[in-house]
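Report on one structure; see the data block that follows.
The values are calculated or read from the model by the stated rules, or taken from the named source; none is laboratory data. Here the structure is a predicted model, which is why all the values come from computation and not from measurement. For neighbour counting, all protein chains shown are included, and Cβ atoms are generated from backbone atoms with ideal geometry for every residue, glycine included.
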């Protein structure tokens, strides 16, 4: 079975293109959104989702969240006795999602289409693919998140011949895409983004200000308290969408602090982040060569776009109110499902063709000659300009600088700066040329080919000798090789995820433990409940367990509502 | 006709028809199944759309880019107080009355403090520039200002301006090299404003008080209005020429770009030429003329002074004293003139002159002519003295040519000069001891020829390039 997955910074979803169009599958707790949090329990079993999220507070040392932000880097996280790479953590989330999909359909999941931020780099995309491999599935295609949202939105609304902008502010990433739909063609004109800007950054700002106002040091708080603070601030942030102010209470070493924030203050604190959001919007609009008036709609997706700041920002920049008909949490996952339907050539999607763009410029380093004949080096010459429609193959000729030169070094760079020193070097190619020829007749044709899966191929052809050179792009530091993936796959297989049947009970236990940490007043009571529930679990009598579970759930609900 | 043939439509097709044809063809050439076919199709589609838009009357939605108006002079910026930004209500389109030029004036004034962070805050505080369309227009205007007026602005702030208008990527400006040069130019012109010369000396990498003092003097000289009398008076002293030229090269690179105001371009041109051109150019001749005049004046003053002292001692007017006075003045002037002429000749020989016309050939053949005639004189005449008089200059000039531009030579140069002067007495002593003066003279002339040949060989590629 081919599924569509939205592997988000804070939440993940899974679904497929079924008989009734795109369908999402619920997890063991009956929710469509599974928090992207991983936790290891004392037996070395992994917990994923809400239970793990609750354990962030009760067991901060063995739980981790927001690891999507480290994809494509070498950063490792220690959980219990073992350290994990971000790919492995993502693989655990994928395994939990796959189990949910298999439980819902009774079929085995073998392939998937996974959504990634449009502005993800090559290393980050490769890491996502590696995560799929580590979870035991084949990643058939990576689809850009705003494109996925547009697919879901556009096909649902059946708007023909319209141009729109998708504004995707997720938990950890910000993406903008400008698209056009006509006659079943979904054409992406431009994408831009910021890989380190999302709802979590707004939370960071709140946290910093709150701690400063209360006169507390972040290092002075234990992990559980800061986990509690973060979750309460998250609640406050959400509350600010509906009301003018919100209050946060926090107990530190027996002392209760109270902090309140209103809308105006939040807007002021968030201003630097809003300023950062301007750049991708402006760039996407310019690359699409569109005026603000030429857009038919602006679609907001991603959970963080619910903040009232975001529609206000869009209004300031585009001079009109954005439109929102989609569920911002599900749009991307639904789009990933549509993309999986496209990939499997579903009959009902036969009339739909999707074309996407390459988000970065790719090019080489050149020397330029100024008006007085002086050479100036270090300039970046793009060969594939950013936001070219992929697949794309382009060729450009380059000439040696000096007569009698016998070699030419062609560097491959990715980036947007006009000077190569601020771009990322992907590799280099050295070609031999005929030193006897004058420079202007000694061309080397450099061809860059970029395919739908984002793989770059570089070829050089020396015109005087007809010799061909090809560049195998060097291993990026943050990317696992096929060999490393195999060994890690074996190691990761040892870590079991609790079976779905147990997960409801585990989630409840985790919740009770979190409440134990948070509430100082009723601690003994909660502890007694936990002990009692554990004893009931020992009996393995499903009927009794179910009864107790419902009872405990109600009791905890009452406790939390006080 | 391409691109319409690729899409299978008529050249008269409208946008809708082009899109429909593209959509139909696309379903047979999906990007993931037929990459080459897709790329061909997409290029044809783009080209067809472009032609369609070019033929159609300008759509009212896309305002034509306004032609750049002639720019007001941006240099004298009055230190205006920054007014609080006008806050338009969120739903209304941005006011059309935004004065881009006044805004850019203020930005330049704000950048004068060289605090990029503050400049960014100031830029971001402009509520009107949140509007996408207005910001694009102001950004284009800023580029026009950069390329036409180049107001003084430190490079950190320049980068901040480019980043704010999203002009800091490879595709934003066609001529990146030109942009980089304007950036440097604007930075220099900011640095050159009076009051920042001290910092400038630091950025030029000058150490030592003396060097800084000279550079500051040179900068002052460069900013003066150009008057022949003043510059010639200053150019009489060779160290002025050297230090001014050095300052220009440090600031503007090699070969130097035109320095921005407040440097006077005529001053820059004059001092560069003064340092590099030989006696056969207008400026070179003028400077030598000034120096000769100076030498004559010096001789005359000394002669008059000495003569007057003599007459005061004697207590009466004496024609013999007048004669002595004239003789002294003449001899002093002659010595000074000789030194000037000789140093000019050496300088000219060291430099590069293209092999064209009389001057070029003379420049190339002067050393062998001198050395050859020295050999002839030594062989033919009985007096080796005359031969020596030709050999020593030949050797001097040949060595000057060979050692020009070599790092080793700088420390050795005074010793070499002394050595060449001493070669005559030392060699004649040796020659009288072994009693073969002719061989010594021959070998020294031969050495001069050899040095010249090495140098000529080294200069060959340059000569060819100069001719090409």
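Which one of A:64, A:113 is farther than 26 Å from residue A:355 by Cβ, crowded, with 17+ Cβ neighbours inside 10 Å and outside the structural domain of residue A:512 (by TED's automatic domain parsing)?
A:64
Quick test for you: out of A:282, A:293, pick the one residue that is within 30 Å of residue A:181 (Cα to Cα), in a helix (DSSP H, G or I) and more than 24 Å from the chain's Cα centre (by Cα).
The unique qualifying residue is A:293.
Here's the yes/no breakdown for (1) farther than 18 Å from residue A:134 by Cβ; (2) not in a strand (DSSP E or B):
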site	(1), (2)
A:22	yes, no
A:29	yes, yes
A:32	yes, yes
A:43	yes, yes
A:51	yes, yes
A:57	yes, yes
A:83	no, no
A:87	no, yes
A:90	no, yes
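Give the residue that is surrounded by the fewest Cβ atoms within 10 Å (Cβ to Cβ), with candidates limited to residues of the stretch A:309-326 that are touching a strand residue (DSSP E or B) at 6+ places or on another chain (Cβ under 9 Å) and modelled with pLDDT under 85.
Among those residues, the one meeting the criterion is A:325.
On the basis of being without any contact (Cβ under 8 Å) to a residue 60 or more places away in the chain, surrounded by fewer than 21 Cβ atoms within 10 Å (Cβ to Cβ) and facing chain B (nearest Cβ under 8 Å), does residue A:351 make the cut?
Spelling it out, it is not the case that residue A:351 is without any contact (Cβ under 8 Å) to a residue 60 or more places away in the chain, surrounded by fewer than 21 Cβ atoms within 10 Å (Cβ to Cβ) and facing chain B (nearest Cβ under 8 Å).
Only residues that are more than 15 Å from residue A:193 (Cβ to Cβ) and more than 7 Å from chain B (Cβ to nearest Cβ): list them for the stretch A:275-298, please.
A:289, A:290, A:295, A:296, A:297, A:298
Go over the candidates A:417, A:406 one by one and state the one that is closer than 30 Å to residue B:159 by Cα and not assigned by TED's automatic domain parsing to the domain that holds residue A:117.
A:417
Can you pull out every residue in the stretch A:327-348 that is crowded, with 24+ Cβ neighbours inside 10 Å and either at the interface with chain B (Cβ under 10 Å from one of its Cβ atoms) or over 23 Å from residue B:28 (Cβ atoms) (or both)?
A:331, A:332, A:333, A:334, A:335, A:336, A:337
Which numbered condition in (1) buried (at least 16 other Cβ atoms within 10 Å of the Cβ); (2) touching a residue at least 24 places away in the same chain (Cβ under 8 Å) is the only one that residue A:375 fails?
Of the numbered conditions (1) buried (at least 16 other Cβ atoms within 10 Å of the Cβ); (2) touching a residue at least 24 places away in the same chain (Cβ under 8 Å), the odd one out for residue A:375 is (1).
Given (1) under 23 Å from residue A:198 (Cα atoms); (2) surrounded by fewer than 22 Cβ atoms within 10 Å (Cβ to Cβ), where does residue A:151 come up short, assuming only one miss?
(2)
Mind checking which strands (runs of 3 or more DSSP E) fall wholly inside the stretch A:179-273 and carry at least 2 residues that are within 14 Å of chain B (Cβ to nearest Cβ)?
Filter on the stretch A:179-273 gives A:185-194.
Is it the case that the stretch A:429-452 has a residue that's under 27 Å from the mean Cα position of the chain (by Cα) and free of Cβ contacts under 8 Å to residues at least 24 places away in the same chain?
Within the stretch A:429-452, none of the residues are under 27 Å from the mean Cα position of the chain (by Cα) and free of Cβ contacts under 8 Å to residues at least 24 places away in the same chain.
Could you tell me which residue of the stretch A:360-395 is nearest to the other protein chains (Cβ to nearest Cβ), considering only residues that are part of a strand (DSSP E or B) and over 20 Å from residue A:411 (Cα atoms)?
A:389
When residues of the stretch B:307-321 are filtered for being part of a helix (DSSP H, G or I) and surrounded by 11 or more Cβ atoms within 10 Å (Cβ to Cβ), how many remain?
Summing the residues that are part of a helix (DSSP H, G or I) and surrounded by 11 or more Cβ atoms within 10 Å (Cβ to Cβ) in the stretch B:307-321 gives 7.
Whether any residue in the stretch A:169-178 is within 22 Å of the chain's Cα centre (by Cα), more than 16 Å from residue A:336 (Cβ to Cβ) and part of a loop (DSSP other than H, G, I, E, B) is what I want to check.
Yes, the stretch A:169-178 contains a residue that is within 22 Å of the chain's Cα centre (by Cα), more than 16 Å from residue A:336 (Cβ to Cβ) and part of a loop (DSSP other than H, G, I, E, B).
Is it the case, given these coordinates, that residue A:420 is in contact (Cβ under 8 Å) with a residue 24 or more places away in the chain, more than 29 Å from the chain's Cα centre (by Cα) and within 14 Å of chain B (Cβ to nearest Cβ)?
no
Filter the stretch B:7-21 down to residues that are assigned to a helix (DSSP H, G or I) and within 10 Å of residue B:48 (Cα to Cα) and give me whichever is nearest to the other protein chains (Cβ to nearest Cβ).
In this case the residue turns out to be B:19.
Condition check ((1) under 30 Å from residue A:391 (Cβ atoms); (2) out of contact with any strand residue (DSSP E or B) (no Cβ under 6 Å at 6 or more places or on another chain); (3) surrounded by fewer than 19 Cβ atoms within 10 Å (Cβ to Cβ)) across all residues:
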| position | (1), (2), (3) |
| --- | --- |
| A:190 | yes, no, no |
| A:197 | yes, no, no |
| A:200 | no, yes, no |
| A:206 | no, yes, no |
| A:210 | no, no, no |
| A:216 | no, yes, yes |
| A:231 | no, yes, yes |
| A:234 | no, yes, yes |
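Based on what the data block shows, is residue B:40 within 14 Å of chain A (Cβ to nearest Cβ), touching a strand residue (DSSP E or B) at 6+ places or on another chain (Cβ under 8 Å) and either modelled with pLDDT of 50 or more or under 26 Å from residue B:145 (Cβ atoms) (or both)?
So residue B:40 does not fit the description; no.
Out of the residues in the stretch A:299-326 meeting the condition of being part of a helix (DSSP H, G or I) and away from chain B (no Cβ under 14 Å), tell me which one is farthest from the chain's Cα centre (by Cα).
A:306
Which of the following residues is within 30 Å of residue B:33 (Cα to Cα), touching a strand residue (DSSP E or B) at 6+ places or on another chain (Cβ under 6 Å) and surrounded by 14 or more Cβ atoms within 10 Å (Cβ to Cβ): A:470, A:459?
Result of the check over A:470, A:459: A:459.
I'm trying to understand the selection: among the residues of the stretch A:102-116, which are touching a strand residue (DSSP E or B) at 6+ places or on another chain (Cβ under 8 Å) and within 27 Å of residue A:452 (Cα to Cα)?
Result: A:109, A:110, A:111, A:112, A:113, A:114, A:115, A:116.
So which residues in the stretch A:157-178 are within 14 Å of another protein chain (Cβ to nearest Cβ) and surrounded by fewer than 24 Cβ atoms within 10 Å (Cβ to Cβ), if there are any at all?
Matches in the stretch A:157-178: A:160, A:161, A:162, A:163.
Name the single residue that is nearest to residue A:287 (Cα to Cα) among those in the stretch B:105-122 being surrounded by fewer than 20 Cβ atoms within 10 Å (Cβ to Cβ) and within 14 Å of another protein chain (Cβ to nearest Cβ).
B:120
Return the only residue of B:355, B:362, B:347 being over 24 Å from residue B:293 (Cβ atoms) and part of a helix (DSSP H, G or I).
B:362
Condition test on residue A:366, is it within 26 Å of residue A:118 (Cβ to Cβ) and outside the structural domain of residue A:20 (by TED's automatic domain parsing)?
It is false that residue A:366 is within 26 Å of residue A:118 (Cβ to Cβ) and outside the structural domain of residue A:20 (by TED's automatic domain parsing).
If I ask for residues that are within 17 Å of residue A:467 (Cβ to Cβ) and exposed (fewer than 13 other Cβ atoms within 10 Å of the Cβ), which ones from the stretch A:400-431 would you list?
Correct list: A:406, A:407, A:409, A:430.
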